[in-house]
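Worksheet: one structure, shown below.
The values are calculated or read from the model by the stated rules, or taken from the named source; none is laboratory data. It should be emphasised that the depicted structure is a prediction, and the values quoted were computed from it without experimental measurement. For neighbour counting, all protein chains shown are included, and Cβ atoms are generated from backbone atoms with ideal geometry for every residue, glycine included. SASA here: full protein model, heavy atoms, side chains in, ligands and nucleic acids out. Shrake-Rupley method; radii C 1.70, N 1.55, O 1.52, S 1.80 Å.
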Amino acid sequence: MADALLPVADAVARVTQDVAPTPTETVPLGQALNRVLAEPLAARRTQPPFDVSAMDGYAVRAADVATLPARLTLIGAAPAGHAFGGTVGPNQTVRIFTGAPVPDGADAILLQEDAAVEADGRIRATEVVRPLQHIRAKGLDFREGEVLLPAGMRLGMRQLSLAAALNHGELPVRARPRVAILATGDELVPPGSALGPNQITASNSFGIAALVEIMGGTAVDLGIIPDDRALLAAAIDRASASGADILVTLGGASVGEHDFVREVLVDRGMDLDFWKIAMRPGKPLMFGRLGPMRVLGLPGNPVSSLVCGLLFLKPLIQSLLGLPIADETEVAELGAAVRANDKRQDYIRASLVDMPDGRHIATPLPRQDSSMLSTFAQALCLIVRPPFAEAEAVGAPCRILRLP
């Protein structure tokens, strides 16, 4: 393997190459939010299963209320969940409520606000009705056997509501990819700790874990491992033994005297694929395979780590869930001038304004140091600058990647 810088697109392709989706498992409907369907879902019933009233009112024969005045004899009622057992004959009506079956003989609904009850109990129509007015026909929404939710669909509130209407109490979904996260460095301490004079708060693992959960995976925190080869090897072995689909290491993958994560992983049997990417921030990114487990070594700088998580960990999780990898960049306009680029692809933190006319204005934030989480939290998008791009003025087109 050469040490040349690998283009971002090539790196993503290699990270997601030959990824088999996770196994199928069955979960209760109420636990399926954000899960990915492993099999298509067909209707187990017809909806509605019969002609139903769309409004509260009176079930009538349209011919009886085609002209006014029209007076009808009330012969019964049909609340929701209860059908009227008889038949509506000429100049007869049944009090009906939304969702109730339309009685035999009736072919329209007279709205309750368009009717008056007379002294003798008869119903007087104050508006004419048309055939099928305010009736939801049998099968209007879907019919039994119709596939409404395809495999590979992520389940949100709308999809879960539909699955329930299809009469599915359990759903076949992809198992959540397990992502073990391992932070390295003598200088790191957990948030909320008392910091020594040479220590910093570990932050990367929390952002990466959040990304894993957002994408539908399960984050497994292996904690902070000091710069000790034996302890690091033991942590890597724990990740393998846990059945993790992905091991994410944070920091220690560069070429410094104490950056030996790559060496220890190779010693434990990792087949190293690449470890240098032509991008900024995030050049020292490592990828390999340790048995069935894929390994992503993210940079230690916080912004570099999170940007690389979005660019490489996210599509890897999508692949494990059987989801397609799509180009999520959009066209925008520069809100400030940018300089010419070098051989690395830049991801510039920027503000973003969505204009009423449909344009998007992306303005680079003034400070881009890869250690600065404050500007990353402030940014709404990343401006993607390809290698060797020329300087661009205000208003020039650019490509952006919106931040979650």
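For the range 129-270, what log10 I(q)/I(0) values come out of the Debye formula at q = 0.09, 0.11, 0.19 1/Å, with one point per alpha carbon and no solvent?
Evaluating at q = 0.09, 0.11, 0.19 Å⁻¹ gives log10 I(q)/I(0) of -0.48, -0.60, -1.11.
Each label point is 7 Å from the Cα along the Cα-to-Cβ direction; what then is the distance between the points at residue 326 and residue 371, in nm?
My value for the distance between the label points is 3.9 nm.
When you have a sec, figure out the Kirkwood radius of the range 41-93 from all distinct Cα pair distances and drop it here in Å to one decimal? Numbers along the way, then the final one.
Details: mean 1/r = 0.0757 Å⁻¹.
After inverting the pairwise mean of 1/r, the radius is 13.2 Å.
So if each residue of separation counts as 0.36 nm, and I subtract the Cα-Cα distance between residue 218 and residue 111, what length gain in nm does that give? Before the final figure, lay out the partial values.
On the way: separation 107, 0.36 × 107 = 38.52 nm, distance 5.20 nm.
Going from the current span to full extension adds 33.3 nm.
Show the residues, 5+ positions off or on another chain, whose built amide H is closer than 5 Å to the amide H of residue 6.
276, 277, 278
Per residue, how much accessible area does the range 105-201 have with a 1.4 Å probe, in Å²?
Details: 5340 Å² over 97 residues.
In whole numbers, the range 105-201 has 55 Å² accessible per residue.
Of all DSSP beta bridges located in the chain, what percent are antiparallel, nearest 5? Don't jump to the answer; show the numbers that get you there.
Values: 53 of 81 bridges.
Roughly 65 percent of the beta bridges in the chain run antiparallel, per DSSP.
Tell me, what is the FRET efficiency for residue 354 and residue 241 to the nearest 0.05, using R0 = 56 angstrom and their Cβ-Cβ distance as r? Kindly include the intermediate steps, with their values, before the conclusion.
Working: r = 47 Å, r/R0 = 0.85.
That pair, residue 354 with residue 241, gives E of 0.75.
Reachable lysines from residue 276, Cα under 22 Å, same-chain residues fewer than 8 places away excluded?
List returned: 314, 343.
Please state the charge dipole magnitude for the chain, taken about the Cα centre, from unit charges on C-beta atoms (+1 on K and R, -1 on D and E), reported in debye and rounded to the nearest 20.
Details: 37 positive and 44 negative charges, 68 e Å.
Here the size comes out at about 320 debye.
Along the Cα→Cβ direction, 7 angstrom out, place labels at residue 54 and residue 396. What is the inter-label distance in nm?
Label at residue 54, label at residue 396, 5.5 nm between them.
Among 180-190, 117-127, how do they line up from the highest to the lowest mean number of other beta-carbon atoms within 10 Å? Intermediate results must be reported in sequence, preceding the final value.
Values: 180-190: 21.0, 117-127: 13.0.
Result, highest mean first: 180-190, 117-127.
Go through 190, 164, 175 and say which Cα lies farthest out towards the positive end of the charge dipole of the range 118-255; charges sit on Cβ, +1 for Lys and Arg, -1 for Asp and Glu.
164
Write down, largest first, the equivalent ellipsoid semi-axes of the range 265-392 in whole Å, where each equals the square root of 5 times an eigenvalue of the alpha-carbon gyration tensor. Mind dumping the intermediate values first?
Working: eigenvalues 180, 58, 35 Å².
After diagonalising the Cα gyration tensor, the semi-axes are 30, 17, 13 Å.
If you project the alpha carbons of the range 69-183 onto their three principal axes, what span does each projection cover, largest first, in Å?
Computed over the range 69-183, the largest-to-smallest principal extents equal 82, 31, 23 Å.
So how far, in whole Å, is the C-alpha centre of the range 10-89 from the one of the range 308-328?
Rounded to whole Å, the Cα centres lie 34 Å apart.
So, by mean Cβ neighbours within 10 angstrom, what's the order for 345-354, 56-65, 199-208 with the highest one leading?
Numbers: 345-354: 20.0, 56-65: 22.7, 199-208: 18.4.
Descending mean neighbour count gives 56-65, 345-354, 199-208.
When all C-alpha to C-alpha distances in the chain are sorted into bins of 20 Å, what percent of pairs does each bin hold, rounded to whole numbers?
Percent of pairs per bin, in order: 22, 36, 21, 17, 3.
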